[in-house]
Amino acid sequence: MILLTIVRMVVFVIFALSAVVAVGSWAVRSRRIDPFSSVGQLTRRFTDPVIQPFERWILQRGGNPQSAPWWVLGTSVVGGIVAVTFSQWLVVQVLRAAAAGAAGPKGILWLIVLYSGQFISFALFARVIGSWFGVGRYNRWMRPAYALTDWLVEPLRRIIPPFGMIDATPLVAWFLLQFLIMPLLLNILR
């Protein structure tokens, strides 16, 4: 739990610094602070090394470099959310693995079944999202998702007809997978 506290504090400090950089850069650019004064030059000396890489990135994509300070702020917010979420996920996985290891072979089996079910659920999710973007079965990135889920989706597809353009079989397969995994996990723990 101390790891989560440290990550949150670091994320907050990075966010606060990026807010100071964004506001300082904006103040100099909008001439709220005279760019030729000593305060303006000092502000630019500290903000430009952070802002200039974002300006180059925005210019390469045809954007307005004036928005670079806000990109810095947005990047720190999104990056912070990702860092906190990932660290929370990592702590949960470590605690889960430790508890499974302490429970012995049944705990390890429970963990294997749980992760297998989550992996197949993720593959179903990837399959659905890929179909929305026209990425099909023969795309090299989608082949693993189809290989992991065809055993469950294809038999259901023969039973459940599509509703117009909507194919509900991946959703039914997900519910069926949850229906099969949960009792299995409960029985392992007994």
On C-alpha positions alone, give me the angle between the axis of helix 68-103 and the longest principal axis of the chain, in degrees, nearest 10.
40
Mind ranking VAL50, VAL11, VAL72 by accessible surface for me, highest first, 1.4 Å probe?
VAL50, VAL11, VAL72
Accessible area per residue, Å², the chain with all protein chains present, probe 1.4 Å
68
So I have [x] 1.63; [y] 1.55; [z] 1.07, and one of them is Cα Rg over 2.2 N^0.38 Å calculated from this model. Which one is it?
[y]
Please build a GNM for the chain, connecting alpha carbons under 10 Å apart, and tell me which residue among LEU177, LEU109, LEU59 fluctuates the most.
LEU59
Hey, what number do you get for the chain at 222 nm if only DSSP H runs of n ≥ 4 count, each worth -39500 (n - 2.57), divided across all residues, to the nearest 500?
-28500 deg cm²/dmol
Relative contact order for region 1-55: what is it in percent, counting Cα pairs under 8 Å that are at least 6 residues apart?
29
Defining a contact as two alpha carbons under 8 Å apart and six or more residues distant in sequence, what relative contact order in percent does the chain show?
18
Hz values of 3J(HN,Hα) by residue in region 52-64 - Karplus curve (6.51, -1.76, 1.60), Gly and Pro given as x:
4, x, 5, 4, 4, 4, 5, 4, 5, 9, x, x, 8
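The values are calculated or read from the model by the stated rules, or taken from the named source; none is laboratory data. Just so you know, these numbers come straight off a predicted model, no measurement behind them. Only protein heavy atoms, including side chains, enter the accessible area calculation; ligands, DNA and RNA are left aside. Shrake-Rupley method; radii C 1.70, N 1.55, O 1.52, S 1.80 Å.
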